[in-house]
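Contents: one structure, followed by commentary.
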Amino acid sequence: MDMRSTIAELVEKAIRKAFPDAELQESVGGFLEVPPDRKMGDFAFPCFRLSKTLKMAPPLIAQRLAEAIDEPGTAKAVCAGGYLNFFFNRENFARETLAAILSAPEKWGSSNEGLGKTVCMDYSSINIAKRFHIGHLSTTVIGNSLMRIYRFLGWNTVSINHLGDWGTQFGKMICAYKHWGDKETVEKGGVDEMTRLYVRFGVEARNDPSLEDEGRAWFKRIEDGDPEALEIFHWFKDVTLKDAMRVYDILDVHFDSYAGESFYNDKMQPVIDELKAKNLLQQSEGAWVVDLSEDKMPPCLILKQDGATLYATRDLAAAIYRQDTYHFNKSLYVVAYQQDLHFRQVFRVLEKMGYPWAKDCVHVSFGMVSLGGEALSTRDGVIVYLDDLLNQAIQKARAIIEEKSPNLEQKEEIARQIGVGAVIYSTLQNNRIKDIDYPCDKIPYVDEDGTPRVKYEINWEKALNFDGETGPYVQYTHARCCSVLRKAPEILAEPDYSGLCDDDSQYLLRLLGMFPEAVADACDKDEPSLVTRAVTEIAKAFNKFYYENRILDDQPAVLAARVALTRASAAVIKTGLSLIGLEAPERM
Ligand code: ARG
């Protein structure tokens, strides 16, 4: 069901009929425009596009084409200056659109475009021994949404959590644990306890510099595979992941692989050898680098003076490993734009190494996150932890349900869906490159040491609004569709599509018809917000249709048509929500 190509065909046919001798190479139908004002038609063909070839004034072309078009069942063509404006036959448009959607409602928007192709997606990629905080929210939900979008379009997806589980800090942490920690406290305190140990290390090392050596020695032991060091290191990792897993479960985010930085320990030497063999490695101030001055970039650091590998070295090994293992056709890195240079360097080095697939690596970058206008800073307490954030949103959602629909069944489950929905939606609402500032309340408190501090809490009031452009609003619209469908009597009548010829029904139909384009576009541009926008517009259009029309009309045939439109809307909204990672409760 694609009105654009139907109308394009109509135009091309008319051109051939009106100007049989004209030589037009391109598919002129592609020139169709959507008029700014719907009253001017559903599509407009700009005839000046042909005036050069035909050596004729646009209004005259429009007139000749209008005369050549005779398909009232599809659309009516009207001249307007140099434009040929098309008005769909509304009944026909409603019938065709609904037939197309309702033949497989849950598949509307999907395709086989990705069939046989694999996309690797590196997202979330949290750091070990750090609590999962709001700085990793965007990458987590953007990546999750892209995974769902690609899958919906037939791709085979491999989602990878490239854990930050490497660096000298782990040596220091083990050292601190050995001196001042114990198993039980860490098990109980989790990541927070590890952070406390790490902070203590910093403080103590200022007085006793030998601790730094000790920390380094522990790190060396991890690197060398010493059993004791490895055991503690892996345990730290498990503790962190256990905490993170709670958040992932709430968000319904899952990974195929947790191969993090440390996974590449034994996979870097071959890469270094290869760089050497290909004459790409140069020594610079004792370190080994790949020169990128030709590309106007600083050199890519491969080995430090002391022989230690770097973040980039791991990413080179990871990219090659992913190609060797998954044979990807595309490899995405959903990482903040601060790492823009890093990825440009890594991709360029891969290209210089002669890997043709380097061009298939894409940095999907996104904007900065701030809290009430302040940049994130763990040290200054300008931070919100994801588990707190989600729990607060769920709690607020619960309070709203208590107030609005106290008799709702499964309140707890629905509060979770709405709260989480509000969080995800607000992150995927705008273009990913846009910075996000979350409105915050600053709550004063006194910490264990008696120091007055401020805790940041995101204010979810607005995001939980059932009337604004929010996740709950779209979810609520879906629940409204479901409620209409529950109330609709068993339909026996053949739908009468003349009941869907008003502007509001037509606008809704049009948006539903364009939904597949929005999904394809979101995939092309790696931009989930295009789906967010499409599904929000559909929800708004449905509500307008709902207020302007009596869906449960007493004429069975009209009722049948409106119920069909409601059914299609419910299905498409549900799909749209699921593509951005939101659930669609049937009652709210
Ligand atoms: N752990 C990193 C961070 O938190 C992100 C890793 C992104 N992925 C990658 N392959 N470099 O900044």
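What are the residues whose amide H is under 5 Å from the amide H of Lys455, where those residues sit 5 or more places off or on another chain and H is modelled from the backbone?
Ile443, Tyr445
Got a sec to turn the phi values of region 530-538 into Karplus ³J(HN,Hα) couplings, 6.51 cos²θ - 1.76 cosθ + 1.60 with θ = phi - 60°, whole Hz, x for Gly and Pro?
Each residue's phi maps through the Karplus curve to give 5, 6, 4, 5, 4, 6, 5, 4, 5 Hz.
What dipole magnitude, in Debye to the nearest 20, does region 416-574 give about its Cα centre under +1 on Lys/Arg Cβ and -1 on Asp/Glu Cβ?
280 debye
If each of Arg344 and Thr53 carries a label point 7 Å out from its Cα toward its Cβ, how far apart are those two points in nm?
Reported label-point gap for Arg344 and Thr53 is 4.0 nm.
Calculate the FRET efficiency for His179 and Gln283 from the Cβ-Cβ distance with a Förster distance of 41 Å, rounded to the nearest 0.05.
Computed FRET efficiency for His179 and Gln283 comes out at 0.60.
With the dipole of region 69-190 worked out from charges on the C-beta (+1 for Lys and Arg, -1 for Asp and Glu) around the Cα centre, which of Ala104, Ile134, Phe87 lies farthest toward the positive end?
Final value for the positive-end residue is Ile134.
Rounded to the nearest percent, how much of the accessible area of region 1-143 (1.4 Å probe, protein heavy atoms only) is carbon and sulfur?
51 percent
Under a straight-distance cross-link criterion of Cα-Cα below 26 Å, which lysines are reachable from Lys404, leaving out those fewer than 8 residues away in the same chain?
Lys404 reaches Lys396, Lys462, Lys487, Lys540, Lys544, Lys574.
Which of the peptides 273-285, 544-556 is most tightly packed, and how do the rest follow, judged by the mean count of other Cβ atoms within 10 Å per residue?
Packing proxy ranking, top to bottom: 544-556, 273-285.
Calculated from DSSP H runs of 4 or more alone, at -39500 (n - 2.57) each and per residue, what is the 222 nm mean residue ellipticity of the chain, nearest 500?
-17000 deg cm²/dmol
Given a 1.4 angstrom probe, what's the average accessible area per residue across region 11-113, in square angstrom?
56 Å²
Which whole-number percentage describes the relative contact order of the chain, with Cα contacts under 8 Å and a sequence gap of 6 or more?
14 percent
What's the magnitude of the charge dipole for region 441-531 around its Cα centre, counting Lys and Arg as +1 and Asp and Glu as -1 at the beta-carbon? Answer in Debye, nearest 20.
Roughly 300 debye, rounded to the nearest 20.
About its Cα centre, what dipole magnitude does the chain give when the only charges are +1 on Lys and Arg Cβ and -1 on Asp and Glu Cβ, stated in debye to the nearest 20?
Dipole magnitude for the chain comes out near 1100 debye.
For region 304-364, what % of the accessible area comes from carbon and sulfur atoms, probe 1.4 Å?
50 percent
Considering the options Gln475, Tyr497, Asn156, tell which one lies farthest towards the positive end of the dipole of the chain, charges being +1 on Lys and Arg and -1 on Asp and Glu at the Cβ, about the Cα centre.
Positive-end residue among those listed: Tyr497.
Which residues does the label zone of Gln269 cover in region 291-318, counting backbone N under 17 Å from a point 7 Å along Cα→Cβ?
Hits in region 291-318 for Gln269 at 17 Å: 303-304, 307-310, 314, 317-318.
Per-residue HN-Hα couplings for region 252-257, Karplus 6.51 cos²θ - 1.76 cosθ + 1.60 at θ = phi - 60°, whole Hz, x for Gly and Pro?
6, 10, 9, 10, 7, 8
Residues with amide H under 5 Å of Ala80's amide H, sequence separation 5 or more or different chain, H placed in the peptide plane at 1.01 Å from N; which?
The list, which skips near neighbours in sequence, is Asn85.
Taking H placed 1.01 Å from N in the peptide plane, check which residues at least 5 places from Ile302 or on another chain put their amide H under 5 Å from its amide H.
Sorted by chain and number, the residues that satisfy this are Trp288, Val289, Val290.
The values are calculated or read from the model by the stated rules, or taken from the named source; none is laboratory data. All values reported here derive from a predicted model rather than from experimental measurement. Reconstructed Cβ throughout: ideal geometry from the backbone, glycine too, with neighbour counts over all protein chains shown. For the accessible areas, the whole protein counts, side chains as well, though only heavy atoms, and no ligand, DNA or RNA atoms are used. Shrake-Rupley method; radii C 1.70, N 1.55, O 1.52, S 1.80 Å.
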